[in-house]
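Colleague: For reference, the structure I am asking about is given below.
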Amino acid sequence: MMTGLLQTRAYSKRHYVLVMAFAVVLIGLVYATIVYVQPFKGGNEVPTTIETTNGIEKQSLFARSAPTRLVIPAINLDTTFVPPLGLLPDQTIAVPDSYTQVGWYSGGATPGEIGPAVILGHVDTKEGPAVFYSLGQLTEGDEIQVTREDGTTAIFEVTKLQRYPQINFPTLAVYGPTDDATLRLVTCTGTFDKGEQTYSHNLVVFATLKLQ
């Protein structure tokens, strides 16, 4: 439409100048809008806008940055992370190859971003307790600290603990999108089947980012 206006010879020279000025202003406004909505790629002091489940845009307090350390004072846990976990060929999530470290699922949010950040850890070994052995002792309100690669620390508060049969694991509740920055800690619990070498249930700790 603007091109047609500029090419119409019936307009006076004054009208042509006004149209050109309007075009310059319009282009400037469009450019400013594009620059403004571009995601910030530096530190986490500038919010990142993310579309949530209900279609409403919310601001994440943290930019994307992988976790490096997990501290849970209530159960004296202080550990680091194995390389990020992905999906296995059967589309299940890989588990950490360490019994003393935890693993973060890289297909989800990083701790502090809008959405669920999922951290997995073993409960025990043939020799004794593993990193998440005491996870079931957490209670509502306990604090979880996650240090990230960018040097920041996201602090979460436990909201609930749930135990689910492994044959009926609530994938959507654990890995599905959320409107806030959330955290899920996952391990095994229940009865151990020596033949199958598996536990009957999973323990999931749900936590929400504390706004500081």
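Colleague: Less than 13 Å Cβ to Cβ from Pro83, Lys/Arg counted +1 and Asp/Glu -1: what total charge do the surrounding residues give?
Modeller: -2
Colleague: Starting from the 7 Å offset along Cα-to-Cβ, what nm value, one decimal, do you get for the label separation of Arg69 and Asp97?
Modeller: Placing both labels 7 Å beyond Cα along the Cβ direction yields 2.5 nm.
Colleague: Could you check the spin-label model distance between Asp193 and Asp179? Points 7 Å from the Cα along Cα→Cβ, value in nm.
Modeller: 3.9 nm
Colleague: Given H placed 1.01 Å from N in the peptide plane, which residues other than close sequence neighbours of Leu77 have an amide H under 5 Å from its amide H?
Modeller: Amide H neighbours of Leu77, under 5 Å, 5+ apart: Ile72.
Colleague: Name the residues whose placed amide hydrogens come within less than 5 Å of the amide hydrogen of Ser65, ignoring near sequence neighbours (fewer than 5 apart) on the same chain.
Modeller: Thr110
Colleague: Another question, if that's okay. Roll a 1.4 Å probe over the protein chains and send me the accessible area per residue for the stretch 46-204 in Å².
Modeller: Values: 8220 Å² over 159 residues.
Accessible surface, normalised per residue, equals 52 Å².
Colleague: If packing is taken as the average number of other Cβ atoms within 10 Å across a peptide's residues, how do 102-115, 154-167 rank, most packed first? Mind showing how you got there, number by number?
Modeller: Working: 102-115: 22.4, 154-167: 15.6.
Put in order of decreasing packing, that is 102-115, 154-167.
Colleague: What are the aspartates and glutamates whose alpha-carbon lies under 16 Å from the alpha-carbon of Lys194, with same-chain residues fewer than 8 places away excluded?
Modeller: Filter leaves Asp124, Glu127.
The values are calculated or read from the model by the stated rules, or taken from the named source; none is laboratory data. Please read these numbers as outputs of a predicted model, since none were measured by experiment. Using ideal geometry, Cβ is built from the backbone for each residue, glycine included, and neighbour counts are taken over all protein chains shown. For the accessible areas, the whole protein counts, side chains as well, though only heavy atoms, and no ligand, DNA or RNA atoms are used. Shrake-Rupley method; radii C 1.70, N 1.55, O 1.52, S 1.80 Å.
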